[in-house]
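Shown next, in structure tokens, is the structure this report addresses.
A short reminder: the numbers here are calculations on the coordinates, not readings from a lab. Every value quoted in this text rests on a predicted model; they were computed, and no experiment measured them. With ideal geometry, Cβ positions are generated from the backbone for all residues, glycine too; neighbour counts draw on all protein chains shown.
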Ligand SMILES: C[S@@+](CC[C@H](N)C(=O)[O-])C[C@H]1O[C@@H](n2cnc3c(N)ncnc32)[C@H](O)[C@@H]1O
């Protein structure tokens, strides 16, 4: 039985890594664990480095920051998605693939699949390489382009969504995927408390105003709005 100590909010980054690692050792196969270890070392380096915008800014094609959800949220979305039956999982904001490993493992365990969307091809390519390394690539469809447009082209039947791209896109993405949700679908939106801000508040209000949605804000990781559609 895994320990749920990842729910302890707002500990230091190192504490969260240690807690999540203790849990993961019991639950992940060694190829996945090796890949997560690589990401956790990168996350630690990122947390300990000064934040500098790359030439051209965050969208200039040279951004190397993972901006990963972190192990507490990774473990949490893995447990939630894994509890569904053959889910179609949608990830908005692949980045370099950290959260996607957790979701792809859940897809494999539950007979589902992951569709992950990222605007930058170099980030998506790295994420794919890591999924291959973890033995999970066959459960993942990597899509490159603008998520709002690509959601429009998806078929209905989405069971789980992780919303973790630029914050001004949370509401446009919600409006795009909401009509395509299956009954009992779960939506998890990251960064609701850190960094928070007006875009995130607008998302919280928008998701709670949608018919059939129940929603709660949880202090896991950077703050998660967890919503269920009935
Ligand atoms: C916070 S990061 C995602 C981190 C990732 N979920 C993880 O935990 O490893 C947000 C990502 O969203 C991507 N993004 C921003 N706007 C986008 C858009 N319109 N369509 C697709 N991806 C977008 C950015 O390039 C960035 O890589």
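In table form, for the structure just shown:
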item	result
Counting DSSP beta bridges with both ends in the chain, the antiparallel % (nearest 5)	35
Cα centroid of the stretch 97-125 to Cα centroid of the stretch 158-198, whole Å	16
Fraction of beta bridges assigned by DSSP in the stretch 23-155 that are antiparallel (%, nearest 5)	0
Contour minus Cα-Cα distance for residue 202 and residue 45 (0.36 nm per residue)	53.3 nm
Ranking of 224, 36 by count of other Cβ atoms within 10 Å, fewest first	36, 224
Over the chain, relative contact order from alpha-carbon pairs under 8 Å, at least 6 apart, %	17
CD proxy at 222 nm, helix term only [per DSSP H run n ≥ 4: -39500 (n - 2.57); per residue of the chain; nearest 500]	-13500 deg cm²/dmol
Cα gyration tensor shape for the stretch 24-80, rounded if a/c is under 1.5, else prolate or oblate	prolate
Three-way shape call for the stretch 71-229 based on the alpha-carbon gyration tensor, with the a/c threshold at 1.5	rounded
Residues 82, 133 arranged by fewest to most Cβ contacts within 10 Å	133, 82
Cα gyration tensor shape for the stretch 93-176, rounded if a/c is under 1.5, else prolate or oblate	oblate
Förster radius 35 Å - calculated FRET efficiency between residue 85 and residue 65, Cβ distance, rounded to 0.05	0.50
